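What follows draws every value from the coordinates through simple rules; no lab data is involved. Source: prediction; values computed, not measured. FYI the Cβ positions are ideal-geometry reconstructions off the backbone, even for glycines, and counts take in every protein chain you see.
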Amino acid sequence: MLTDQSDVVIGVDTHAERHALALLEAGTARTLAFAEVAACREGYREALRIARRRAQAGRVWALEGSGSYGAGLARFLAARGERVLEVERPPAQGPRGRQKADALDAERAARAVLSGLAGSVPRRGEAREALRQLLVTREGAVAVRRAGLNELRALLLTAPEPLRERLRRLSRGALLARCAALRPDRRGGLERFASALALRSCARRVRAASAEAAALEREIERLVGRLAPALLAQPEIGPVSAAALLLAWSHPGRLRSEAAFARLAGAAPIPASSGKVVRVRLDRGGDRRLNRARNTLALSRRKHHPPTIAYIERRRSEGKSLREAIRCLKRYLARSLFRLLEGLPEPA
């Protein structure tokens, strides 16, 4: 148990400029002290000095926001051999909402770890962080491309008729090329000039975002190929989905079991029986990026992977509905992916 291995638990409520600390005695859960430090290297050193004054060894840190505001502190502590656990931030509203003071939030984080209700190892690794930055930026480029395409189609619907007739039946690639090459002419009328200028602006924005996303995807594929070539070798797993899997998993031992990974992936079965109806449903929580990657893999394998198609048919022959068979497939994928990931070396 945590109380047998530790003397002090330090709960940390992280913010952009300041971090609040609450030090609790592990055995009795008694609050020893509160403190506040700056969110910088000098502040991190001060936090470690405060913790060392209370306990020379047997320290556990419970960090909220270890992937955002607390990322710097988490890296600093891990580099010095401190034991760091991640605590989920509570919702802003409701009975478990945030307290009136940062110190109370820090204390609650420490008590969550002491109670055993929370506390996973934070994600870590330079390569993993590089992959996260590439994936986040690529998602932004894809969002810009999607918004630009929607805007382009909306503008085309209300464009002047001669312009609309020239463009409405083109494929997406041809439409983008034609719109990007438009030359707005004020002599054709104010509306036609504005429509041509707007269409050209949207098309060029979409093409620039597409080029940016493609460049980032190539770099993601190169990095994933270096970190986990076995993952890319799996059927129907592309570099973006593989990157999402690596980000959620992070390193061997972070997740205590395949059931914990399935819950993180939104593939954990939850009993949902009522009366004479006996069924289960999938947990809708967890990491949404990982959930999307797992769902994409399941849909792709259902269509193109013969062993998966045979698996679905076998489950259907056992009396399960198609929805139940897909649920079983998603849980199976979570299990097999977790075992594959646990066999990978720890990223640098």
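Peptides 51-59, 103-111 ranked from most to least packed give 103-111, 51-59, packing being the mean of other C-beta atoms within 10 angstrom over each peptide's residues.
Using helices alone, I'd like the mean residue ellipticity at 222 nm for the chain: each DSSP H run of four-plus residues gives -39500 (n - 2.57), total over residue count, nearest 500. So the helix-based figure for the chain works out to -18500 deg cm²/dmol. Considering only beta bridges that DSSP places wholly inside the chain, some 65 percent are antiparallel.
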